[in-house]
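Chemist: Here it is, the structure in full.
Throughout, read-outs are computed from the coordinates displayed, never taken from laboratory work. Computed from a predicted structure; not experimentally measured. Methodologically, a virtual Cβ is constructed for each residue, glycine included, from the backbone with ideal geometry; neighbour enumeration extends over all protein chains shown.
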Amino acid sequence: MTSTMENTRAEQSGATREVHVAVIGSGFAGLGMAIQLRKQGIEDFVVLERGDDVGGTWRDNSYPGAACDVQSNLYSFSFAPNPDWPRTYSEQPEIFAYLRGIADRYELRDKHVFGAEVTAATWDDAARRWDVETTAGAFRAKVLVSGAGALADPSYPDIPGIETFAGTVMHTARWDHEHDLAGERVAVIGTGASAIQVVPAIQPRVGSIAVYQRTPPWVIPRGDRPTTPFERALYRRFPAVQKAVRGALYAGREFLVLGMAKNRRLLAPVQKLARTHLERQVRDPQLRAAVTPDYTIGCKRILISNDWYPAVSAPNAEVVTAGIAEIRPHSVVTRDGVERPTDTLVLATGFHVTDLPIAHRITGRDGRTLAQVWDEGMVTNRGSAVAGFPNLFLLVGPNVGVGHTSMVYMIESQVAYVGEALRAMAVEGLATLETTPAAQEAYRELIAQRSAGTVWLGGGCGSWYLDRHGHNTTLWPDFTFLFRRLTRELDRENYTGTPERETAGVAA
Ligand SMILES: Cc1cc2nc3c(=O)[nH]c(=O)nc-3n(C[C@H](O)[C@H](O)[C@H](O)COP(=O)(O)OP(=O)(O)OC[C@H]3O[C@@H](n4cnc5c(N)ncnc54)[C@H](O)[C@@H]3O)c2cc1C
């Protein structure tokens, strides 16, 4: 409320609001950062969120069937376990409610300015401050932390004629709940993580559903079930039990790294599990052939579902592999010349991951944006800092993504790292802290070395994990506990700092 009022005042007066730290985004990353700031006694901060609520991914992805694919006991903050998850893998409404609960519990709403889309953030080298322009007014911050999300900006396919489509078009991340799909002829474009959740959820009530597939995913069974009252009571009474379960889930998932990053042959049993799952659920040989991947499991994200294959095998469903040639006002035409009348297009086409929109909006010391600096590939120190961008920290930046376990683990590692950086700035009385090009180069080398031989580079698929140069710039290519070890303390030797006194009289 306070922030909204201050924001309105700032807007009306055109005044710039000064803060110590400005955080962009309020998903798991932004909220985690805000909690860390509070923990360190930093109260002079603001969270700039373009949406009208906290939650990020879990506010925006409300399509039917949306759910996490990492167990909730692991896909949640370590310091805020929820004994009351209704299922082992929670659905979007519960995760969204969890994050809203976090915002309330840590009294973070007052720190937010909602409806504040950051349109530009520019480093003012003379004043040693970030000038942050938003749709809800201007801010000036000593430190800028971006938690703008790697899967936050929907990617729309560039298909000839798509703009002429006369029916309803919706991206899974922007679901139109007012639109009734009952009895409609629906085209779903894409077969990734969102598609395999939305298709089974809508297939029973649509007239027909055509799933346009470029590459089939590997799918393994989803060990999901409702939690029992006993379990929930146990977790509430003995939090250590839930912590132990979380630990076991974490350890089990790290085993996958052995196959993905160390020795691909270890993935053979997982691939066998997926193949058996497919053969058990898909009887029709033609459909089987169409949905069988030709690359090593793990190269693209491994998907989990018990109802994907039954849904695409249903009499009103079809998997179309011919490739889309064009979209007409009332149909989708594939390269084999077949035209399928269509009422609604569901775009399950993912997000801008290797071309992050926020990177075009952040301008560093030499007047270049992050996107320009990253034109030849995204480089950072520890996924968190970039040379030429003092006092900027990235959460879920390049090479922080994971496909096999919880992103929240990575986010907590990074949030603690940024906390350490802020502590160093306070203790040393620094006006600026900036990583060095040499540190960045060394980190790029480390990522390249660890990515070599992994299934993501050598598994025989193209994926959003790789940039247009074929480099892994999205995934952390090793055990996640090694990332935590790397970010536990600030690698102070990899940063230069300017003492506050050298800028006295300059800084605002
Ligand atoms: C459907 C779906 C399912 C997923 N399931 C899992 C899972 O099971 N396990 C897992 O580990 N990960 C999963 N993920 C990945 C998920 O994105 C991360 O786990 C995590 O939620 C990312 O949090 P974040 O805070 O970094 O980003 P987000 O949650 O995306 O939050 C970013 C926030 O920044 C805001 N923002 C962006 N740009 C601006 C701007 N310019 N100005 C102001 N605000 C801005 C956005 O509005 C958003 O609120 C899933 C992702 C999707 C899309």
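Chemist: Return the inverse of the average 1/r over all pairs of distinct C-alpha atoms in region 336-411, which is the Kirkwood hydrodynamic radius, in Å to one decimal. Intermediate results must be reported in sequence, preceding the final value.
Modeler: On the way: mean 1/r = 0.0664 Å⁻¹.
One decimal place: 15.1 Å for the Kirkwood radius.
Chemist: So if I average 1/r over every pair of distinct C-alpha atoms in region 230-278 and take the inverse, what Kirkwood radius in Å does that give?
Modeler: About 12.9 Å, per the Kirkwood formula over Cα pairs.
Chemist: Let's see if you can work this out: charge +1 on each Lys and Arg Cβ, -1 on each Asp and Glu Cβ, no other charges. What is the dipole magnitude of region 3-159 about its Cα centre, in debye to the nearest 20? Please report the intermediate quantities before stating the final value.
Modeler: Details: 15 positive and 23 negative charges, 95 e Å.
Result for region 3-159 is approximately 460 debye, rounded to the nearest 20.
Chemist: Would you mind working out the magnitude of the charge dipole of region 448-497 relative to its Cα centre, with +1 at each Lys and Arg C-beta and -1 at each Asp and Glu C-beta, to the nearest 20 Debye? Could you put the intermediate results ahead of the total?
Modeler: Working: 6 positive and 5 negative charges, 19 e Å.
In total the dipole reaches around 100 debye.
Chemist: For region 186-259 and region 329-399, compute the distance between their C-alpha centroids and round to whole Å.
Modeler: Comparing the Cα centres of region 186-259 and region 329-399, I get a distance of 25 Å.
Chemist: For region 191-231, what size does the Cα cloud have along each of its three principal axes, sorted from largest down, in whole Å?
Modeler: Principal-axis extents of region 191-231 (Cα, largest first): 43, 26, 13 Å.
Chemist: Tell me the label-point distance for the pair ASP158, ARG237, using the 7 Å Cα-to-Cβ offset, in nm and rounded to one decimal.
Modeler: So the label points at ASP158 and ARG237 sit 6.1 nm apart.
Chemist: Tilt of helix 239-257 relative to the longest C-alpha principal axis of the chain, in degrees (0 to 90, nearest 10)?
Modeler: 70
Chemist: In nm, to one decimal, how far is the modelled label at GLU254 from the one at ASP125, with both set 7 Å along Cα→Cβ?
Modeler: Modelled inter-label distance: 4.3 nm.
Chemist: Bins of 20 Å, beginning at zero and ending with the bin holding the largest distance: percent of Cα pairs per bin for the chain, please.
Modeler: The percentages, shortest bin first, are 22, 54, 23, 1.
Chemist: With θ set to phi - 60° and the Karplus curve 6.51 cos²θ - 1.76 cosθ + 1.60, what are the ³J(HN,Hα) couplings of region 197-211 in order, to the nearest whole Hz, using x for Gly and Pro?
Modeler: Values per residue, Gly and Pro as x: 8, 6, 4, x, 6, 9, 3, x, 10, 8, x, 8, 9, 10, 9 Hz.
Chemist: Now for a different question. For ALA67, what residues show an amide H to amide H distance below 5 Å, using hydrogens built from the backbone and excluding near sequence neighbours?
Modeler: HN-HN under 5 Å from ALA67: GLN92.
Chemist: Identify, among CYS68, THR380, VAL333, the residue whose Cα sits farthest towards the positive end of the charge dipole of the chain, taking +1 on the Cβ of Lys and Arg and -1 on the Cβ of Asp and Glu, with the dipole about the Cα centre.
Modeler: CYS68
Chemist: Which of the peptides 268-277, 114-123 is most tightly packed, and how do the rest follow, judged by the mean count of other Cβ atoms within 10 Å per residue? If you can, show how the numbers build up before the last one.
Modeler: Details: 268-277: 15.7, 114-123: 18.7.
Put in order of decreasing packing, that is 114-123, 268-277.
Chemist: When a/c is below 1.5 the answer is rounded, else prolate if a/b is larger than b/c, else oblate, so apply that to region 34-168 with a ≥ b ≥ c taken from the square roots of the Cα gyration tensor eigenvalues. Intermediate results must be reported in sequence, preceding the final value.
Modeler: Values: a/c = 2.44, a/b = 1.11, b/c = 2.20.
In terms of gyration-tensor shape, oblate.
Chemist: Any chance you could run the full-extension gain for GLN40 through ALA452? It's 0.36 nm times the residue separation minus the Cα-Cα distance, nm to one decimal. Intermediate values should be presented prior to the final figure.
Modeler: Details: separation 412, 0.36 × 412 = 148.32 nm, distance 3.86 nm.
Result: 144.5 nm gained on full extension.
Chemist: Would you mind checking the tilt of helix 28-39 against the longest principal axis of the Cα atoms of the chain, expressed as 0 to 90 degrees and rounded to 10?
Modeler: Tilt of helix 28-39: around 30 degrees.
Chemist: Roughly how big is the chain's charge dipole about its Cα centre, with Cβ charges of +1 (Lys, Arg) and -1 (Asp, Glu), in debye to the nearest 20? Intermediate results must be reported in sequence, preceding the final value.
Modeler: Working: 53 positive and 57 negative charges, 378 e Å.
In debye, rounded to 20, the chain gives about 1820.
Chemist: Pairs LYS272/LYS300; LYS111/LYS300; LYS243/LYS300; LYS39/LYS262; LYS111/LYS142: which exceed 27 Å Cα-Cα?
Modeler: Details: LYS272/LYS300 16 Å; LYS111/LYS300 38 Å; LYS243/LYS300 30 Å; LYS39/LYS262 37 Å; LYS111/LYS142 16 Å.
Pairs exceeding the cut-off: LYS111/LYS300; LYS243/LYS300; LYS39/LYS262.
Chemist: If you build the convex hull over the alpha carbons only and average its shadow over all orientations, what do you get for region 241-397? Give it in nm² to one decimal.
Modeler: Details: hull surface 61.8 nm².
That works out to 15.5 nm², a quarter of the Cα hull's surface.
Chemist: Okay, moving on. Work out from phi, with θ = phi - 60° and the Karplus expression 6.51 cos²θ - 1.76 cosθ + 1.60, the ³J(HN,Hα) of each residue of region 93-102, listed in order in whole Hz, and give x for Gly and Pro.
Modeler: Result, rounded to whole Hz: x, 6, 5, 4, 4, 4, 5, 5, x, 4.
Chemist: How would you rank 477-483, 32-38, highest first, on the average number of other Cβ atoms within 10 Å across their residues?
Modeler: Values: 477-483: 19.1, 32-38: 23.1.
Output ranking for 477-483, 32-38: 32-38, 477-483.
Chemist: Modelled label-to-label distance, ARG288 and ASP355, 7 Å Cα→beta-carbon offset: nm?
Modeler: Roughly 4.0 nm, to one decimal.
Chemist: Next question. Mind ordering 316-322, 215-221 by average Cβ neighbours within 10 Å, highest first? Display every interim value, and only then the final one.
Modeler: Working: 316-322: 17.1, 215-221: 19.7.
My ranking of the peptides, most packed first, is 215-221, 316-322.
Chemist: How large is the Kirkwood hydrodynamic radius of region 363-508, in angstrom, based on all distinct alpha carbon pairs? Each step should come with its number before you reach the end.
Modeler: Working: mean 1/r = 0.0620 Å⁻¹.
By the Kirkwood definition, the hydrodynamic radius is 16.1 Å.
Chemist: Now for a separate question. By how many nm would the segment from ARG484 to THR215 grow when fully extended, if each residue of separation counts as 0.36 nm and the alpha-carbon distance is taken off?
Modeler: On the way: separation 269, 0.36 × 269 = 96.84 nm, distance 3.33 nm.
The span from ARG484 to THR215 would gain 93.5 nm if fully extended.
Chemist: Let's test this: bin the Cα-Cα distances of region 195-271 at 5 Å from zero up to the farthest pair and state each bin's percent.
Modeler: Calculated P(r), rounded to whole percents: 3, 10, 11, 15, 13, 13, 15, 12, 6, 1.
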